[in-house]
Amino acid sequence: MADDGIEKSAILLIALGEERAAEVLRRLGPREVQKLGLAMAALKSVPRARVEEVLDDFSAKADES
């Protein structure tokens, strides 16, 4: 997963909230969980516009499926 993808995933998981993020993380492998955990911990604060951008991108990709 590219660095931008990891950051976007971390932002998405934070936006989902603790319980839903945990559900997602349970489906991932240990290495993916580690990478995402580090990325989530590294995020100090995320501007609202960035969160909205990530959520819009996710929604668009989900609609394509």
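The values are calculated or read from the model by the stated rules, or taken from the named source; none is laboratory data. The model shown is predicted, which means the values in this text are computed figures rather than measured ones. As a convention, Cβ positions derive from the backbone with ideal geometry for all residues, glycine included, and neighbour counts pool all protein chains shown. Quick note on the areas: whole protein, heavy atoms, side chains included, nothing else; ligands and nucleic acids left out. Shrake-Rupley method; radii C 1.70, N 1.55, O 1.52, S 1.80 Å.
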Checklist entry - Using beta carbons and a limit of 9 Å, which pairs, at least six apart or on different chains, have the first residue in region 30-42 and open to solvent by less than 70 Å² (accessible area, probe 1.4 Å) and the second one outside any helix (DSSP H, G or I)? => result L36/M1; L36/L28
Next on the checklist: Given the options R27, R50, name the one that is at pLDDT 95 or above, out of contact with any Gly (no Cβ under 9 Å at 6 or more places or on another chain) and open to solvent by 50 Å² or more (accessible area, probe 1.4 Å).
Outcome noted: R27
